[in-house]
Amino acid sequence: MNPLADAEKIKQEMSGWRQLLHQNPQTAFEEQFASDFVVRKLTEFGIEVDTGWAKTGVLGLIKGQRTGKRIGFRADIDALNITEETGLTYQSKIQGKMHACGHDGHTTALLGAAKILAEKRDFAGEVLLIFQPAEEDGGGAKVMLEEGLFTKFDVESVWAMHNLPELAVGKYAMNDGGFNAAVWDFHITLHGSGGHAAEPHKTRDPIPVMATLISAFQSIVSRNLNPLLPGVLSVTRVSAGTTYNIIPDKAELWGTVRALDQSIHEKIIARMGEITREIGNAFEMEITLEENGVGYPVLTNSKASTDIAYAVTEKLAGKENTDRHFPASMGAEDFSFMLQKKPGCYIYFGNGEQGKKGCERLHTSRYDYNDDATPYAPAPCCHPAHNTVQPITHRKNMNNFLKVSDTLKQIQDKICTGLENTAGHRFTEDLWSYEHGEGGGRTRVITNSSNPSTGAIEKGGVNFSAVEGELNPLLCEKMNVPKGSAFKATGVSLVIHPHNPYAPTVHANVRYFETPSGWWVGGGIDLTPYYVFTEDAVHFHQTLKDTCDRSNPDYYARYKQECDEYFFLKHRGETRGVGGIFFDYLKNDYRQNTEFIYAVGNAFNDAYLPILKRRKDTPFGEREREFQMFRRGRYVEFNLVYDRGTLFGFQTGGRTESILMSLPPVVKWHYNYRPEAGTREAELYEYLKPIDWLKQGTP
């Protein structure tokens, strides 16, 4: 198959389709002409059609000659509310509406790919054609997903292309990671109390408050964001008053927030909310901040998919015409919603160059899609389908991975908020990508070893990850799965080492793991005090028992015993601490087991934070500090010698910094040390064995 040559053969036919679509533009959820045209063409090509998605969206399904997985290609079909001024013979027939972003060309490109693929079908698997409405205004991709797009038609990956006038015809550009910005448009109303301009003291003037608010907003990007991570907050419209001598009752402003990192995007919005509330309180004025329209998340291309896109386009156009590291854009694209659900890549293709047709900027009244680009758009759509679609692996519950990872991510947020409020620290966040596959995580850490007065935690970390890749041979053998098996894993893990020796160290994790042959969950929470307080241990275990009982009354006794057995230092003959619960390889009931790990993760704050709050300010001296550092040595011994999670992380190419964040910052080992009999230090050793805390509470 030569996709570019095949597309060249139908170039004139495709140009005719494109110009007909150009004459009949319609905007969000009203694209009936384009929808009907797509249905007519797909039916003509002998392709299965499914209509009614987000009102005017259309799906087509092409089945290859051999069994394989399914991939998806998306084309947007909507136009813009712009009056066309091109003077073309095929200029828009509809006043005030125009294809000023080339969606007529995108629709044509996917129809061209559909025609080529349907005629030959010489590929393995299936191709899902997604003709999506309302990309420009309305979040049509989000609507289609909410209607069950990837539930009814699951795909392994999803792809889209967009023309770019700045690129010459025949060129392609892409990059992995954040490629288009998250966008959140806002509308703020300041509710004052107007009056005569000569008597401002009798009013609550919203205009100076609005000025203060705008000025304060400008400090968010310059003072609250990492300067290496781009973010934009622009106030683009203001409105207040009608004449020169009347102070108005209200003022309004509108604007947009953009960022290439979702956490930065969310941080800007959160700070806007805080600033709005505080300024409202300071000026005794009601100020409402609301979203204006549908916000879009960061469009994130997966590295693996981008590598495929680069290989395909390089083969089609040559290395000199393919840019693998094209700069990201602060523009927004609702294809980002699909890339939140499935890996994939958003690719630019050239639509002109300076001085030639197609060089007018997007979203302008004189723009027109360059028909010379017509063959270059469908060609990559055919090529990945031909070369990367492989036999499908039936993986039960694979569709649920995203739901699990999203829920665990929310649990990380809840835990971090609770710890920050109790300990008086703020976490710093490290976003990372998985080097040996796809996905990544966010590691949140606190390191404050030099100044205990500024917060209760000496070192702590709460890590979230969601990764996928190929199991190494050692683990394939251990897990009794074929060599080269794929895996997906997501989880939250944490270790908190407080400053105060009377405040215990705590460890927790919940995790989900999946291979082609099945899935399992695991997790647990355990407490490692240096000075034991019975009320703390009883509270900790009672909280865990209550959590377990809501899932299964047998769980607590079973998983407490597993915890006592697992966290045991054989070479020392003692448990690591006062235990908790530990469970692994639960796989009999998907819903029950995933809900159980959610419950365990959500129980952390209730189990631990009251203890930390109670002990963090207890007076201590050098003796207690010395004993704490000595006992931390036992913690290190267990983690590096026995802990399966640590060993698994290293064996699967896990991120070293995230794995070793569990280790305390300062540790001591003393040769043959034994605490003096009758001391609080000696008392600890009476508790380093299995104890039924809820029955007796004492050894």
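None of the figures in this text is laboratory data; all of them are computed from the coordinates on show. This is a predicted model, so every value here is computed, not measured. When we count neighbours, we look across all protein chains shown, and the Cβ atoms used for this are built from the backbone with ideal geometry, even at glycine.
Observations
- Measuring nothing but alpha carbons in segment 566-627 and taking Rh as the Kirkwood radius, the Rg to Rh ratio lands at 1.12.
- Helix-only [θ]222 nm of the chain, DSSP H runs n ≥ 4, -39500 (n - 2.57) each, per residue, nearest 500: -11500 deg cm²/dmol
- Cα gyration tensor category, rounded, prolate or oblate, for segment 604-643 with a/c compared to 1.5: oblate
- Mean separation of Cα pairs under 8 Å and 6 or more residues apart, divided by the residue count, gives the chain a relative contact order of 12 percent.
- Cα shape, segment 158-255, gyration tensor, a/c 1.5 rule: prolate
- Rounded to whole Å, sorted largest first: equivalent-ellipsoid semi-axes of segment 465-590, Cα gyration tensor: 31, 17, 14
- The angle between the Cα long axis of helix 32-44 and the main principal axis of the chain comes to about 90°, on a 0 to 90 degree scale.
- For segment 202-269, the direction-averaged projected area of the alpha-carbon convex hull comes to 5.3 nm².
- Order of Lys142, Lys115, Lys613 under a 10 Å beta carbon neighbour criterion, fewest first: Lys613, Lys142, Lys115
- Put simply, the amide H of Tyr530, placed in the peptide plane, has neighbours under 5 Å in Thr505, leaving out anything fewer than 5 places away on its chain.
- Put a plus charge on the Cβ of each Lys and Arg, a minus charge on the Cβ of each Asp and Glu, and nothing anywhere else: the dipole of the chain about its Cα centre is then about 1460 debye.
- From the largest down, segment 1-110 spans 48, 33, 21 angstrom on the principal axes of its Cα atoms.
- C-alpha long axis of helix 555-566 to longest principal axis of the chain, angle in °: 70 degrees
- Peptides ranked, highest mean first, by Cβ atoms within 10 Å: ranges 61-71, 260-270: 260-270, 61-71
- Tail weight of P(r) past 21 Å, computed on alpha-carbon pairs of segment 292-369, percent: 44 percent
- Packing, taken as the mean count of other beta carbons within 10 Å per residue, orders the peptides 296-302, 437-443 from highest to lowest as 296-302, 437-443.
- Cα pair count fraction exceeding 17 Å, expressed as % - segment 286-326: 53 percent
- In summary, the convex hull built on the alpha carbon positions of segment 498-561 has an orientation-averaged projected area of 5.8 nm².
- Shape category assigned to the chain from the gyration tensor of Cα positions, a/c cut at 1.5: oblate
- Equivalent ellipsoid semi-axes, segment 228-373, via Cα gyration tensor eigenvalues times 5, rooted, Å: 41, 22, 11
- Trypsin sites (Lys or Arg not before Pro) restricted to segment 171-214 and DSSP loop, no more than 15 other C-beta within 10 Å: none
- Degrees, to the nearest 10: 378-387 long Cα axis against longest axis of the chain: 50 degrees
- Packing order of peptides 615-621, 149-155, highest average first: 149-155, 615-621 (average count of other Cβ atoms within 10 Å over each peptide's residues).
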